[in-house]
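Following: one structure in structure tokens, then a few remarks.
The values are calculated or read from the model by the stated rules, or taken from the named source; none is laboratory data. Remember, it's a predicted structure, so these values are computed and weren't measured experimentally. Because the Cβ atoms are built from the backbone with ideal geometry, glycine has one as well, and the counts that use them run over all protein chains shown. All accessible areas refer to the heavy atoms of the entire protein, side chains included, with ligands and DNA or RNA removed. Shrake-Rupley method; radii C 1.70, N 1.55, O 1.52, S 1.80 Å.
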Amino acid sequence: MSSGVKRDRDGNARTKARQPAGPPGRFHDMFEGFRNELDEHHDRRERIIKASRDVTAQSKKIIFSLQRVKLLNQDAPPHIQQDIDTRLEEISKLLNGVAPDLQSINRYRYTSPLRCLEEFIEALSFAHYLRHQTLITHEQSQAAMPTNIILTPHDYMYGIFDLFGELMRFATITTAQTGELAGREGRNILEDIQELGCAFEMLPAVPTKDFRGKMSAGRQSVKKVEKLGYGLVVRGSERPKGWVPDMRDDAPEPVSPV
Amino acid sequence: MSADTPLLDPAIFAHLKDKLEEETQVRDTLTQIVQRLERAVAATQGLLSRVHSTPRARYPTLVAQLEEAIKEEVTIVGELNGVASQQPYYKYNSKWARSVQNAIGTVIYCGWLGGLGNDAQPGELGRLLTLEQVGEIFNVPTNLKDRDAFHLTIEEYLLSLTDLTSELARLATNAVTHGDFELPLTISAFNKDMFAGFQLLNLKNDILRKRADAVKYDVKRVEDVVYDLSLRGLIKRPGEGDTEMAAAE
């Protein structure tokens, strides 16, 4: 058994002895068929994992940009919108590249390599909230998908779970900047996050670690925003109206209120 | 855009709730079916374990019993097919993959022992049922790609083959105990071809890789048996008259 001898003693590359030692085994053809099938599967998986990683990164950057928006119910400032549009286009390219790998039976086959959709829904739902102060629906999210990949209820739900954290950060930043909870007459972000929290509490619990983790992270976020509201009532009177802390556009998040 | 637009449409969460409840129900139903399948497979495996204490002449009796036990498996896999095909295949397949793999294992083992023949392909000792033939026996599709329904997968089949080589390695030893010196040769050739087959696959670092790597030990165990027999001149090896072994006679 020589291991990888490829040259003779004069240094000339040997033509690889391609014919196997004996006749091919009885099951040669069958296994060759299996090899092709399995290779196809692994290649698809690799492609999806790569695209997914990039979509996640782009989605996270969209969310960072959105956190620089200061006002609810308004179009985002042009430079932010432009940044977001570029990234959405990039995501669209990435997802379109793997869409053929995710049709029919293969949609659920590659659910776990395609975790990026949660992050993407988080970005979509956050943008939607900032613009309209409402929760994006499953249908609207599906319509916003840049390609014909089916969005499962699971993708949607877990994406919305992550919206809690973004709402909390947004509430914290804008409250520090404006001295009041963002919102419009009748409804502010504290009430919104509480309502969203209640909606999730009413769902039948899913017995997975993932669900429990997201649920408890959501509860934490609600509590943080509640503390903000409390702080405003208790200490708000000590601050002159219209007082704005000295913060640059992209200053880091203020010290967590908890 | 009016101030009294609610944050969320109640239909959103009503829909999610329905989906989650439906999921729980599907899981419960599948759990019950899979449990029954496991029991049926265990019963067949119990019968199969008798092969090690059965001389080859009595295989047909055993095979007849096996075929009867497999009918029960086929019925339950049919039920599983009915329920699972209503759902996306890969959403729930982890629930049954293991049991189905074991069920496939019992069928190919029974086929190897000469069972499950039909008019086109009579049963014969040492015969390997293909994935398609196993699918026909269970009356379900195999390796589906173009539509989303229940089927037997390549991975399940390959894993069950690794079970077979290991079972046959044990059988080789026990056949000798029963005075059957021919069977180890059949098994040795079969396991070698199987090992050659597995070597054609580009495996990832997963369970299949681990199991396929173990096939070589099954080959070796049978080779050792064959070696012992040859050494003692207990087998004639037709067509190998020019080997040193024969020359020594």
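Restricting the stretch A:66-106 to residues that are under 20 Å from the mean Cα position of the chain (by Cα), under 26 Å from B:R147 (Cα atoms) and of a type in the set (A, V, I, L, M, F, W, C), the residue that is most open to solvent (accessible area, probe 1.4 Å) is A:L94.
Residues of the stretch A:182-202 that are surrounded by fewer than 18 Cβ atoms within 10 Å (Cβ to Cβ) and of a type in the set (A, V, I, L, M): A:M202 alone. A:Y156 meets the conditions (1) under 30 Å from B:S85 (Cα atoms); (2) more than 10 Å from chain B (Cβ to nearest Cβ); (3) open to solvent by less than 40 Å² (accessible area, probe 1.4 Å); (4) within 15 Å of the chain's Cα centre (by Cα) in every case but one. The failed one is (2). Taking the criterion of being touching a residue at least 24 places away in the same chain (Cβ under 8 Å) and open to solvent by less than 40 Å² (accessible area, probe 1.4 Å), the residues of the stretch B:124-140 that qualify are B:G126, B:L128, B:L131, B:V134, B:F138, B:V140. Taking (1) out of contact with any Asp or Glu (no Cβ under 7 Å at 6 or more places or on another chain); (2) within 9 Å of chain A (Cβ to nearest Cβ) in turn, B:L7 satisfies each apart from (1).
Among residues of the stretch A:137-160 that are free of Cβ contacts under 8 Å to residues at least 24 places away in the same chain, those with a Cβ under 8 angstrom from a residue that is among the polar types (S, T, N, Q), sequence gap 6+ or separate chain, pair up as A:S141/A:S125.
Per-residue answers, yes or no, for (1) more than 14 Å from every other protein chain (Cβ to nearest Cβ); (2) of a type outside the set (G, A, S); (3) over 19 Å from B:L131 (Cα atoms); (4) open to solvent by 20 Å² or more (accessible area, probe 1.4 Å):
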| residue | (1), (2), (3), (4) |
| --- | --- |
| B:I12 | no, yes, yes, no |
| B:T24 | no, yes, yes, yes |
| B:Q32 | yes, yes, yes, yes |
| B:R50 | yes, yes, yes, yes |
| B:E67 | yes, yes, no, yes |
| B:Q86 | no, yes, yes, yes |
| B:W96 | yes, yes, no, no |
| B:G114 | yes, no, no, yes |
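Looking at the stretch A:113-149, which of its residues are polar (S, T, N, Q) and surrounded by fewer than 23 Cβ atoms within 10 Å (Cβ to Cβ)? Steps first, please.
We begin by selecting, within the stretch A:113-149, every residue polar (S, T, N, Q); these are A:125, A:133-134, A:137, A:140-142, A:147-148.
Across the stretch A:113-149, the qualifying residues are A:Q133, A:T134, A:T137, A:Q140, A:S141, A:Q142, A:T147, A:N148.
So A:G179 fits all but one of (1) open to solvent by less than 20 Å² (accessible area, probe 1.4 Å); (2) touching a Phe, Trp or Tyr at 6+ places or on another chain (Cβ under 7 Å); what number is the exception? For A:G179, the exception is condition (1). Beta carbons closer than 6 Å, at least 6 apart along the sequence or on distinct chains, never pair a first residue in the stretch A:104-117 that is within 12 Å of chain B (Cβ to nearest Cβ) and within 15 Å of A:G159 (Cβ to Cβ) with a second that is of a type in the set (K, R) and surrounded by 19 or more Cβ atoms within 10 Å (Cβ to Cβ).
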